[in-house]
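Visitor: Dropping the structure in here first, questions after.
Nothing in this text is a laboratory measurement; each read-out follows from the coordinates by a stated rule. Model, not experiment: these values are computed from the prediction. Please note: Cβ atoms are built from the backbone with ideal geometry, for glycine as well, and neighbour counts cover all protein chains shown.
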Amino acid sequence: MSSDGYSGPIFRGRRRGVLIALSSPSGAGKTTLSKRLLSQNPDVVLSVSATTRPARPGEINGQDYDFVSVEEFKQRCEEDYFFEWAEVFGRYYGTPKTPVMEAIDEGRDVIFDIDWQGAQKVAAQAPDDTVRIFILPPSLELLEDRLRKRGQDTEEVIKGRMDRAKDEISHWHEYDYVIVNDDFARALEKLNEILHAERLKRNRHPWLGEFVDALMDE
């Protein structure tokens, strides 16, 4: 019997995790937003992608990315190791399949810092588990300014990123949610609201069937 005198079925099973495919053009803030979301939600884990690009200053192998050779990456593709993979700016990126599925089965949410092609592939692989969120910049001018302030890319690379940004943005309508990152705190608040709402969806709680059966048998 519960503290309020109720003696009906009290049961709370493990919920199923959410796959959060977070996309944006380079410089629009998805990486910073995902890191802050992770720090605020202990049940959210980052999907660590494998990549053939070299590590940037401060990046840690196995934490930010799994840095591998082109040969090793292609071998993994042949072994059906990846959830999805793509070539971006001449570099390969891929999401390992097993740790992602283990996490959502255990009730943890997995966030993907991923482009629109990767988001499509993740949604195709796990349509009932995937939530796609697109981050828009307030303007392309500001986006270009952010890329320049990074100080990491040449003019040629920046131009390529801006061309790709327009292509990326053209797919915004394929996403479940769209957030304009004109204010970081507000964008983060919206991201948290989406996460919490998705966690409450009926299909995330497979234990409900058993609970309702017990309820009806009272």
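Visitor: Determine the gain in length on full extension of the stretch Leu142-Val70; use 0.36 nm per residue of separation and subtract their C-alpha separation, reporting nm with one decimal.
Guide: Numbers: separation 72, 0.36 × 72 = 25.92 nm, distance 3.41 nm.
Extra length available between Leu142 and Val70 comes to 22.5 nm.
Visitor: Which angle between 0 and 90 degrees, to the nearest 10, do you get for helix 140-150 versus the longest principal axis of the chain when only C-alpha atoms count?
Guide: 80
Visitor: Next up: Output the 0 to 90 degree angle, nearest 10, between the alpha-carbon long axis of helix 116-125 and the longest principal axis computed from the alpha carbons of the chain.
Guide: 30
Visitor: What share of the DSSP beta bridges in the chain is antiparallel, in percent to the nearest 5?
Guide: Values: 8 of 27 bridges.
Here the share of antiparallel DSSP bridges comes out near 30 percent.
Visitor: For each of Ser47, Ser69, count neighbouring Cβ atoms within 10 Å of the residue's Cβ, then give the residues from fewest to most.
Guide: Working: Ser47 20, Ser69 10.
Ranked by crowding around the Cβ, least crowded first: Ser69, Ser47.
Visitor: Give me the percent of DSSP beta bridges within the stretch 37-100 that run antiparallel, rounded to the nearest 5. Numbers along the way, then the final one.
Guide: Numbers: 8 of 11 bridges.
Bridges in the stretch 37-100 are about 75 percent antiparallel.
Visitor: Exposed loop trypsin sites (Lys or Arg not before Pro) only (DSSP loop, at most 15 other Cβ atoms within 10 Å): please give the longest stretch of the chain free of them, not including the sites. Walk me through the numbers on the way to the answer.
Guide: Numbers: sites that count: Arg12, Arg14, Lys201.
For trypsin sites (Lys or Arg not before Pro) (loop position, at most 15 other Cβ atoms within 10 Å), the longest site-free span of the chain is 15-200.
Visitor: Pairs of lysines 8 or more apart, or on different chains, with alpha carbons under 21 Å: count those in the chain, would you?
Guide: 14
Visitor: To test your reading of the geometry: what angle, between 0 and 90 degrees and rounded to tens, separates the Cα axis of helix 184-199 from the longest principal axis of the chain?
Guide: Rounded to the nearest ten degrees, it is 40.
Visitor: Under the definition of Cα pairs under 8 Å and six or more residues apart, what whole-number percent is the relative contact order of the chain?
Guide: On the way: 314 pairs, mean separation 72.8, N = 218.
Rounded, it is 33 percent for the chain.
Visitor: In the P(r) worked out for the stretch 19-202, what percent of Cα pairs fall beyond 28 Å? Before the final figure, lay out the partial values.
Guide: Working: 3636 of 16836 pairs.
Value for the stretch 19-202: 22 percent of Cα pairs lie more than 28 Å apart.
Visitor: Hey, another quick one. Only helical DSSP H runs with n ≥ 4 go in: add -39500 (n - 2.57) per run for the chain, normalise by residue count and round the 222 nm mean residue ellipticity to 500 deg cm²/dmol.
Guide: Working: 8 runs with 90 residues, N = 218.
The helix contribution divided over the chain gives -12500 deg cm²/dmol.
Visitor: In whole Hz and in residue order, list the ³J(HN,Hα) couplings for the stretch 208-216 that follow from phi through the Karplus curve 6.51 cos²θ - 1.76 cosθ + 1.60, θ = phi - 60°; x for Gly and Pro.
Guide: Residue by residue, the stretch 208-216 yields 4, x, 5, 4, 5, 4, 5, 4, 6 Hz.
Visitor: Let me ask something additional. Whose amide H sits under 5 Å from the amide H of Val45, counting only residues 5 or more places off or on another chain, with H placed in the peptide plane?
Guide: Here Asp109, Val110, Ile111 satisfy the definition.
Visitor: Binned at 10 Å from 0, what are the whole-percent values of the Cα-Cα distance distribution for the stretch 3-105, short to long?
Guide: Pairs per bin, as whole percents: 12, 37, 30, 10, 6, 5, 1.
Visitor: Could you compute Rg(Cα) / (2.2 N^0.38 Å) for the stretch 71-171, with N its residue count? Could you put the intermediate results ahead of the total?
Guide: Working: Rg = 16.0 Å, N = 101, 2.2 N^0.38 = 12.7 Å.
Ratio of Rg to 2.2 N^0.38 Å for the stretch 71-171: 1.26.
Visitor: Which chymotrypsin sites (Phe, Trp or Tyr not before Pro) from the stretch 94-160 combine a DSSP loop assignment with at most 16 other Cβ atoms within 10 Å? Mind showing how you got there, number by number?
Guide: Working: sites: Phe112, Trp116, Phe134; in loops: none.
Sparse-neighbourhood loop chymotrypsin sites (Phe, Trp or Tyr not before Pro): none present.
Visitor: On full extension of the chain, what length is gained from Leu200 through Leu38, given 0.36 nm per residue of separation minus the C-alpha to C-alpha distance? Intermediate values should be presented prior to the final figure.
Guide: Numbers: separation 162, 0.36 × 162 = 58.32 nm, distance 1.86 nm.
Additional length available on full extension: 56.5 nm.
Visitor: Among Thr98, Thr52, Thr154, determine the one that fluctuates most according to a GNM of the chain built with springs between C-alpha atoms less than 10 Å apart.
Guide: Thr154
Visitor: Give me the number: length gained by fully extending Asp167 to Glu218, i.e. 0.36 nm times residue separation minus the C-alpha to C-alpha distance, one decimal in nm. Mind dumping the intermediate values first?
Guide: Details: separation 51, 0.36 × 51 = 18.36 nm, distance 5.68 nm.
Full extension from Asp167 to Glu218 adds 12.7 nm.
Visitor: Around Tyr65, which amide H atoms from residues at least 5 apart in sequence, or from another chain, sit under 5 Å from its own amide H, with H modelled in the peptide plane?
Guide: For Tyr65, whose amide H was placed from the backbone, the distant partners under 5 Å are Ile60.
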